[in-house]
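The values are calculated or read from the model by the stated rules, or taken from the named source; none is laboratory data. The structure displayed is predicted, hence computed values, not measured ones. Methodologically, a virtual Cβ is constructed for each residue, glycine included, from the backbone with ideal geometry; neighbour enumeration extends over all protein chains shown. Protein only, heavy atoms only, side chains kept; ligands, DNA and RNA dropped before computing areas. Shrake-Rupley method; radii C 1.70, N 1.55, O 1.52, S 1.80 Å.
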Amino acid sequence: MQVVRLASETDFTGWREAARSLRAHGVKPEDAFWTVDGAGDLFGEAAPAPQPDAAPFTVPREFMELADTVILHRSDERFALLYRLLWRLQREPNLLRIASDADVALARSFAKQVSQAAHKMKAFVRFRQVHDEDGEIYVAWFEPAHRVTEMTAPFFARRFANMRFSILTPDLCAHWDTKQLAFTPGADPADAPREDALEDYWKTYYASIFNPARLKTAQMQKEMPKRYWRNLPEARLIPELIARAEAQTEAMVTQAPSEPSRRIVRAAQRASRDAPYDGAAPTTLEEVWAGVQACRRCDLWRCGTQGVAGEGPAKARLMFVGEQPGDQEDLAGKPFVGPAGQVLDKALAEAGVPRGETFVTNAVKHFKHELRGKRRIHKNPDAGEISACRWWLDNERRIVRPRVIVALGGSASLSVFGKTMAVSKFRQQAIQLPDQAQGVVTYHPSYLLRVPDAEAKAKGYAMFVEDLRFAWGLASG
Ligand code: URA
C-alpha cells in the first residue's frame with residue numbers, strides 16, 4: 001500500500017504530482033491510500049522505481065478542471081475518487097462523457113455541490129465594520145459547506161476592491177488590503193465581531209430586495225438554509241417582511257427596469273458570429289447551471305453575484321427568453337423574480353399559462369450593472385456579450401427542445417432569431433426556427449413597466465397577455 005500524504009485538505013498541486021508519480025509507478029487505485037499531513041514526506045513508503053516502459057499519458061483538460069473543483073469537497077473519498085478516474089481515463093478516454101458511470105456521477109455531483117457552496121458563500125457572507133490601527137476594516141464570519149474560501153476570495157476582492165476586509169472561516173481566512181489577497185489558517189467564531197453599524201445597512205438592503213410576491217417559506221429555507229441565518233442580521237427581519245408581503249406586491253409592479261438601446265441591438269446584429277468555445281457541450285440542465293457559474297466567455301462573470309441559468313422542467317413545451325438577470329435575479333440565482341418577473345407572473349396567470357410548466361431563461365446569464373452609491377443599476381448587455389452567451393441559450397434549447405420559444409423584447413429576439421423582430425409587425429405569428437421550434441415575439445415586461453401613459457400601458461399589457469395565450473396555444477396544439 002502506498003500512503004500519500006498531502007500538505008493540506010485542498011493541496012491540488014500535491015495531489016497532481018502524487019497522482020502522476022503513482023501512475024508512473026503503476027500503483028493501482030486500490031493500492032494507494034490518501035491522507036493529509038502537512039508534516040510528512042509525500043510517500044509513507046519508498047516509491048518503487050519507475051517502470052521503464054511506463055507510457056507517458058495525458059488527461060483531458062476537462063478532467064483537471066473537474067479535479068480542481070472536486071478537491072474542495074469535504075468528502076474524505078475525493079482524493080481516491082480522482083485518482084481512480086485518472087487511472088481509468090488511460091483505458092477509457094471518453095469516460096467523462098458517460099454520465100451514468102458511478103465514479104463520473106460522484107465526481108460531477110461533488111463538483112456541483114462545491115459550486116453551490118461557492119455560490120452560497122458569495123450570496124451570504126455579511127461583513128461587519130470594525131476599526132484597527134489602519135482605520136476601517138470589514139470582517140465576516142462564514143462556515144462554507146465545502147472548502148471554497150480561496151476559490152471565492154477573488155470575487156470578494158473584485159466586488160469590494162476599495163474596502164479592507166477579512167473573511168474568517170474554520171478552514172482558512174482570506175484578507176484583502178485593497179491591493180492583494182492573503183490567506184491565514186482557519187479561525188475561531190469568536191474572532192468575528194457580531195454587532196455594529198453595518199447591521200442596519202444589511203437590514204435595509206435585505207428589506208429592499210425581499211420579494212414578497214414569490215414568498216415560499218420552504219423554498220426560502222432551501223435557498224438560505226437555517227445554518228446561515230445566525231450570521232445574517234437580516235434574517236431577524238423575515239417575520240416582519242412576511243407580514244408586509246401582500247401590500248408590497250402591488251407596489252413592486254410599478255418599478256421600472258429598462259429595455260436594450262437601439263445602439264446595442266444594432267451592434268449585436270453585426271456580431272453574428274459566436275465566440276469560440278473550447279469546453280464540451282453540456283448534456284443536462286445541471287451541467288448548464290454549473291457551466292454558467294464557471295463561464296469566462298465574456299467579462300460579465302466579474303459583475304454579478306452568480307450566473308443565472310434558466311429554470312423550469314427539462315421537457316417544457318414553452319420557453320421564455322428575456323434579456324439578462326436584474327438585481328434581484330442576480331441575488332436569488334433565478335430568472336424573472338424581480339419587478340419584471342412580477343409582471344410576467346401576473347400576465348401568465350391571466351393568460352392561463354402555468355409558469356411551472358414553462359422554461360424561463362435569458363439571452364445573457366450575468367447581471368450587467370454599474371454601481372451608483374449602493375445601488376446596482378442595470379446596464380444593457382453589448383453585442384459581444386449577447387453573442388458569447390448564445391452558447392448557453394443554444395444549449396438550453398437543445399436540451400429542453402421546447403415546441404415554442406417566446407422572445408421577450410429586442411435582446412431576446414436577437415439571440416433567438418439572430419436579428420431583431422419588431423413586435424408590432426411580428427406579434428401573434430409563429431415563426432419557424434431551424435431547431436424545429438416555433439418562435440414568437442412579444443414585449444419585454446420591463447418595457448410595459450416603463451410605458452408612461454396609463455392607457456397605452458394597459459393596451460400593451462393586454463396585448464402581452466394575448467401573446468402569451470397565443471404561444472401557449474401553439475405549444476399545446
Ligand atoms: N429582466 C430580464 O430580462 N430577465 C430577468 O430575469 C429579469 C429581468
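Filtered by the rule that a residue be within 10 Å of the ligand (Cβ to nearest atom), under 15 Å from the mean Cα position of the chain (by Cα) and in contact (Cβ under 8 Å) with a residue 60 or more places away in the chain, region 299-322 gives a lone residue, GLY310. Of all residues in region 307-322, which are open to solvent by less than 40 Å² (accessible area, probe 1.4 Å) and aliphatic (A, V, I, L, M)? Listed by number, the residues that qualify are VAL308, ALA309, ALA316, LEU318, MET319, VAL321.
The set of residues from region 328-356 being open to solvent by 20 Å² or more (accessible area, probe 1.4 Å), more than 10 Å from the ligand (Cβ to nearest atom) and closer than 14 Å to GLY310 by Cβ comprises ARG355, GLY356. Are any of the residues in region 369-392 assigned by TED's automatic domain parsing to the domain that holds THR305, of a type in the set (A, V, I, L, M) and within 23 Å of ARG317 (Cβ to Cβ)? The answer is no; no qualifying residue exists. If you go through region 378-398 and keep only what is outside any loop (DSSP other than H, G, I, E, B), in contact with an Asp or Glu (Cβ under 9 Å, 6 or more places away or on another chain) and open to solvent by less than 30 Å² (accessible area, probe 1.4 Å), you end up with GLU385, ILE386, SER387, ALA388, ASN395, ARG397. Do the conditions hold for VAL337, that is, is it outside any strand (DSSP E or B) and in contact (Cβ under 8 Å) with a residue 60 or more places away in the chain? Yes.
Cβ-Cβ contacts under 6 Å between residues 6 or more apart (or on different chains), taken from a first residue in region 1-21 that is of a type in the set (D, E, K, R) to a second residue that is at pLDDT below 95 and in a loop (DSSP other than H, G, I, E, B), are listed as ARG5/ASP37; ARG5/GLY40.
Does at least one position in region 400-423 carry a residue that is among the charged types (D, E, K, R), within 11 Å of the ligand (Cβ to nearest atom) and either closer than 26 Å to GLU286 by Cα or without any contact (Cβ under 8 Å) to a residue 24 or more places away in the chain (or both)? No - not one qualifying residue is present in region 400-423.
Here VAL404 clears all of (1) open to solvent by 10 Å² or more (accessible area, probe 1.4 Å); (2) β-branched (Val, Ile, Thr); (3) farther than 26 Å from PHE160 by Cα except the condition numbered (1).
Regarding PRO325, is this residue within 8 Å of the ligand (Cβ to nearest atom), open to solvent by less than 10 Å² (accessible area, probe 1.4 Å), touching a His at 6+ places or on another chain (Cβ under 8 Å) and at pLDDT 95 or above? So PRO325 fits the description; yes. For GLY477, work out the one condition from (1) over 32 Å from the mean Cα position of the chain (by Cα); (2) modelled with pLDDT of 95 or more it doesn't fulfil. If we test GLY477 against (1) over 32 Å from the mean Cα position of the chain (by Cα); (2) modelled with pLDDT of 95 or more, just (2) comes out false. Taking the criterion of being touching a Cys at 6+ places or on another chain (Cβ under 6 Å) and not aromatic (Phe, Trp, Tyr), would at least one residue in region 385-395 satisfy it? Yes, there is a match, as at least one residue in region 385-395 is touching a Cys at 6+ places or on another chain (Cβ under 6 Å) and not aromatic (Phe, Trp, Tyr). Selection over region 407-445 of residues that are open to solvent by 30 Å² or more (accessible area, probe 1.4 Å), in a helix (DSSP H, G or I) and among the polar types (S, T, N, Q) gives a count of 1.
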